[in-house]
Amino acid sequence: TFSRFGGKPKVIPQSMLVVRGARYHKETIIELLTSEVPQAPYNPSPPVGAQEAALWGDFTARLEPINSEYDANAIQVMVNGKRVGYIGRELAKDLRPLLGERTSEFDCTIFWNGDPQADYQFYTVQLFS
């Protein structure tokens, strides 16, 4: 229930940690998941809509406030220095004041349906407070 702010924890509600835009970063997600990644210590069922061959990995994600001419509260989601999504505009306006100009780290699981031949590709980035 806490983010890591240089040793000063601040409560960030789970409901504010919804990542958007993963589909625009599918190459990055596939690269992250097909490299050696730490797997979940448990074997969760594939997410709804995912196939049996689902790939997932556990990471540390960084929420980074960015300057954007389109959204003054923009927050990108970075994993291993690569963008995997963003916090949607409606949530970012409430989350940005909690982050300030700092970067925050969160536990993160990334899912991909794992079938490059499938007509429907499923990518999701889940943050945990």
Here segment 18-30 yields Karplus 3J(HN,Hα) values (6.51, -1.76, 1.60; θ = phi - 60°; whole Hz; Gly and Pro given as x) of 8, 8, 10, x, 4, 4, 7, 10, 4, 4, 5, 5, 4
Taking every other residue with Cβ under 13 Å from the Cβ of H25 and scoring Lys and Arg +1, Asp and Glu -1, one gets +3
A chain fully extended from L98 to S68 at 0.36 nm per residue, minus the present Cα-Cα distance, gains in nm 9.0 nm
Distance in nm between K82 and T34 label points, each 7 Å along Cα→Cβ, equals 1.0
Once both label points are put 7 Å beyond Cα along the C-beta direction, the E90-V11 separation in nm becomes 2.3
Once E69, E27 are ranked on solvent-accessible area with the largest value leading and a 1.4 Å probe, the list reads E69, E27
Phi angles of segment 83-93, converted by Karplus (6.51 cos²θ - 1.76 cosθ + 1.60, θ = phi - 60°) into ³J(HN,Hα) in whole Hz with x for Gly and Pro, give 6, 10, x, 8, 8, x, 3, 5, 7, 4, 5
Most packed first (mean Cβ within 10 Å per residue), the peptides 11-21, 84-94 order as 84-94, 11-21
Expected vector for segment 63-73, Karplus 3J(HN,Hα) from phi with 6.51, -1.76, 1.60 and θ = phi - 60°, integer Hz, x for Gly and Pro, equals 8, 10, x, 10, 8, 9, 6, 8, 8, 5, 9
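The values are calculated or read from the model by the stated rules, or taken from the named source; none is laboratory data. Computed from a predicted structure; not experimentally measured. Positions of Cβ are generated from backbone atoms using ideal geometry, with glycine treated the same way; all protein chains shown enter the neighbour counts. When the accessible area is computed, the model is the full protein with side chains, heavy atoms only, and any ligands, DNA or RNA have been set aside. Shrake-Rupley method; radii C 1.70, N 1.55, O 1.52, S 1.80 Å.
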